[in-house]
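Enquirer: One structure, as structure tokens, below. Some questions next.
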Amino acid sequence: MLVVIRAKGSYLLELLILGTIMIKLRHLLLASACLSTPLISQAYELIGPTWPSGDVTFHTSVSGSSPSGVSWNTAMQEAANKWASSVNGLQVSFDNSSAHPCAGILPEYPEDGNKNSFGFFNKACNEDFGENVIAVTFSWNIGSNYTESDIVFNTAENWNVYDGNQRSSLDFRRVAVHEFGHLIGLDHESSNSAIMAPLIGNIYNPTSDDLNGARSMYDASSSSGGSSSSSGGSTSSSGGSTSSSSTSSSGGSTSSSSSSSSGGGSSSSGSSSSGGGSSSSGSSSSSGSSSGGNSLPPLRMTIEEPSNGQLVSGVTNIRGWAIATTGITRVELLIDGRLISRIPYGSARGDVANAYPQYPQADDSGYSMIINWGLLTPGSHTVTARSYDNAGNIESSSATVTVQSFDNAFVRNPEDVVIRGGAVVNGRTITLGDVRVDGVAYEVILNWSTATQKWDIQQIRRQ
Ligand SMILES: [Zn+2]
């Protein structure tokens, strides 16, 4: 992502989706502090994953040209070649077949088979561009290997193509160089002079620090020493979790497979409308090519939580596992047939590996994310997890749940929850007579649940 400063003290919003994790970072720009060059020079930053064998195929099929006459496709290819021509072991080839960068993210653009592409769009696919955000790169990975990366440029900007100092219009090509840097695995670099700086500036080529970072990933002959300190490059941990940029502030919400922002289900906020979409109720469907005569199903998956028929409320997990003979590329969450988000994939599942030892990566085949059911309308909803593998197979698994919720999806202040009425206990059921949440009166019925081994909210009745 690259940002243009329009006002001092403005915020920038980073959106990084990395297969096994969704990170949303909010950085505070210290626009006036100038970040005087620190005495200890920090080197490039690495996101973690890389492209297998250093091979990237990029689809350039955007029509039109910039006001200066350079076509968008040419500018994009030139930007990519600024990396490839200076980094041994990194090969970029181009393909002009059509592709949409939001394919598979937005339902109106069906999955295109992991094509890496770019385009102009008025949103960062399913999210608004943050204020001052001019481009966003989405990346997916399996373990340490990238599987897809797409770049979306904000149509709201005034784009052109030129070298040299910044003008009033934005230079598309230098932004493309920056975003392609993310695509190959570089994170933001704020200390050294770098095209990977989070803010657009007068730099329009990769600097030596940028190229050292790229070489550290792809050039087997490059030593880790070099002029920049090797310790500066931060790499992500292996277990599917990904390190965030060192500049992330605590204000940002970081959701991993086991944690989420306090708001709960931050990535499912788009689901708060009443369930309009058609329900893909079939509990399991598959399509795509099969692996032929092999009796081993190419793709197996299941959703374990929520379970079918479950009453759900509050903030809980959606989880399950998915395995494929060719490897899983991603898992998506759909609610009432509408695509909501990708589900972080790659958590440890030794039990699955024991049951299905024939499948690669079964050891790390878990998926999970946190959802705030309060964002959904009370009543019945279909929750679907949908998995894709490298052979183009798609499999899904669904559960129909009944959502119980208070009017307010997330009550921040515990003092806003008061039980004033007595409890009536009957068998395994507890009825709380007068519960006030944010000043609204409810009757809440708790029921013992064998599945969750606790008293679950069975019903919330407004009074
Ligand atoms: Zn960036």
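Enquirer: Taking into account only those residues within region 412-446 that are in contact (Cβ under 8 Å) with a residue 24 or more places away in the chain and closer than 23 Å to Gln310 by Cα, which is surrounded by the most Cβ atoms within 10 Å (Cβ to Cβ)?
Expert: Filtering first and then ranking leaves Tyr442.
Enquirer: Could you name every one of the strands (runs of 3 or more DSSP E) located completely within region 100-188 that has at least 1 residues being among the hydrophobic types (A, V, I, L, M, F, W, C), more than 30 Å from Ala391 (Cα to Cα) and within 16 Å of the ligand (Cβ to nearest atom)?
Expert: On the way: elements: 116-121, 133-142, 145-154.
The strands (runs of 3 or more DSSP E) meeting that bar are 133-142.
Enquirer: Based on what the data block shows, is Ser86 in a strand (DSSP E or B) and more than 21 Å from Ala135 (Cα to Cα)?
Expert: Numbers: in a strand (DSSP E or B): no; more than 21 Å from Ala135 (Cα to Cα): yes.
Considered against the rule, which asks whether it is in a strand (DSSP E or B) and more than 21 Å from Ala135 (Cα to Cα), Ser86 comes out as no.
Enquirer: Restricting the first residue to region 174-195 and requiring it to be within 16 Å of Glu78 (Cα to Cα), which pairs with a second residue that is among the small types (Gly, Ala, Ser) and within 11 Å of the ligand (Cβ to nearest atom) meet a Cβ separation below 7 Å and a spacing of at least six or different chains?
Expert: Cβ pairs passing all conditions: Val175/Ala135; Glu179/Ala135; Ile195/Gly181.
Enquirer: Looking at (1) at pLDDT 85 or above; (2) under 30 Å from Ile323 (Cβ atoms); (3) among the aliphatic types (A, V, I, L, M), which one does Val440 not meet, given that it meets all the others?
Expert: Single failed check for Val440: (2).
Enquirer: Taking the conditions exactly as written (farther than 24 Å from Ser61 by Cβ, surrounded by fewer than 24 Cβ atoms within 10 Å (Cβ to Cβ) and more than 19 Å from the chain's Cα centre (by Cα)), does Ser168 satisfy them or not? Break it down into steps so the answer makes sense when it comes.
Expert: Details: farther than 24 Å from Ser61 by Cβ: yes; surrounded by fewer than 24 Cβ atoms within 10 Å (Cβ to Cβ): yes; more than 19 Å from the chain's Cα centre (by Cα): yes.
So Ser168 passes the test.
Enquirer: Could you grab me the full set of residues in region 74-103 that are of a type in the set (Val, Ile, Thr) and in contact with a strand residue (DSSP E or B) (Cβ under 7 Å, 6 or more places away or on another chain)?
Expert: Residues of region 74-103 that are of a type in the set (Val, Ile, Thr), as a first pass: 74, 87, 92.
The answer is Val92, and nothing else.
Enquirer: With the requirement that a residue be assigned to a strand (DSSP E or B) and within 18 Å of Gly314 (Cβ to Cβ), what does region 405-428 give you? First the steps, then the outcome.
Expert: Of all residues in region 405-428, those assigned to a strand (DSSP E or B) come to 417-419, 423-426.
Residues satisfying the conditions are Val417, Val418, Ile419.
The values are calculated or read from the model by the stated rules, or taken from the named source; none is laboratory data. Note that this is a predicted model, so its numbers are computed, not measured. All Cβ positions, even for glycine, are placed from backbone atoms using ideal geometry, and neighbour counts span all protein chains on display.
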